[in-house]
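The numbers here are math on the coordinates, done by the rules we state, and not lab data. The shown structure was predicted, so the numbers you read here are calculated from the model rather than taken from an experiment. Counting neighbours? That spans all protein chains shown, and the Cβs are built from the backbone with ideal geometry, glycine included.
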Amino acid sequence: MNKVVIFLIFAFSAIGALSQPIIIKKEIINNDTVTWTEDDNTISKTSKYIRVCISSDMVKPSTIIGPEAALAYVVGKTPFKPYTLPYHVVSQLTLEEIRVLLESKNHQPMFFSFILDTKGKVTNIKFFFSSDIAFKFSSGEISRIRNAIKSKFEFNNDPDYTLYNYVSYGCYIKKKDIISIFEQLIKYYTKENTPNEHEQPR
């Protein structure tokens, strides 16, 4: 009987180990580890993605979960509307990084997810890049994008607010959205860099 139990424990452990995502590479950037793994079809059953995350972001959220009021608090404090999330993500990319996404054969070249909690902290940031363009990004670029997103999405919480909960956000970055956002950014920067006709030249 004990042998059967031991065998089953070993079998389940082996299955668990085999089901772990395959690590492609790990790199140290700014004293943090950037880990690249093969995605196990959690994002798409038809397209292959590479998952990239930074070790210090991967935390287990507190098990003390507040009521729905806490969720409403996070949503109310979130510095963007859910439908504008793709815009905010793409606007953190350089023009070269945007071009890389547009080179993908996948019409959804990127998926992005993270957790935002009542403390105003962003954690568990994950990037999923289509495998045909993933390695055109460097770990340094991923780290920079992650830092920009954290600074943009985090908020100052009310210190008297004690309830805890969190909201998981995620979105596909689609090619058609990238093109639309890219055009908006071009118009914005063109307008910013065009002198007002009423201004006197210096």
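A few notes on this one:
- For the range 109-154, the relative contact order comes to 38 percent (Cα pairs under 8 Å, sequence separation of at least 6).
- For the range 40-171, a simple Cβ point-charge model (Lys and Arg +1, Asp and Glu -1, everything else neutral) yields a dipole of about 240 debye relative to the Cα centre.
- Here the label points at ASN30 and LYS187, each 7 Å from Cα along the C-beta direction, are separated by 3.2 nm in the simple model.
- Residues with amide H under 5 Å from that of ILE29, placed H, sequence gap 5 or more: VAL34
- Computed over the range 127-176, Cα set: Rg, Dmax in Å: 15.5, 48
- For the pair SER91 and TYR172, the difference between a 0.36 nm per residue extended length and the Cα-Cα distance amounts to 27.7 nm.
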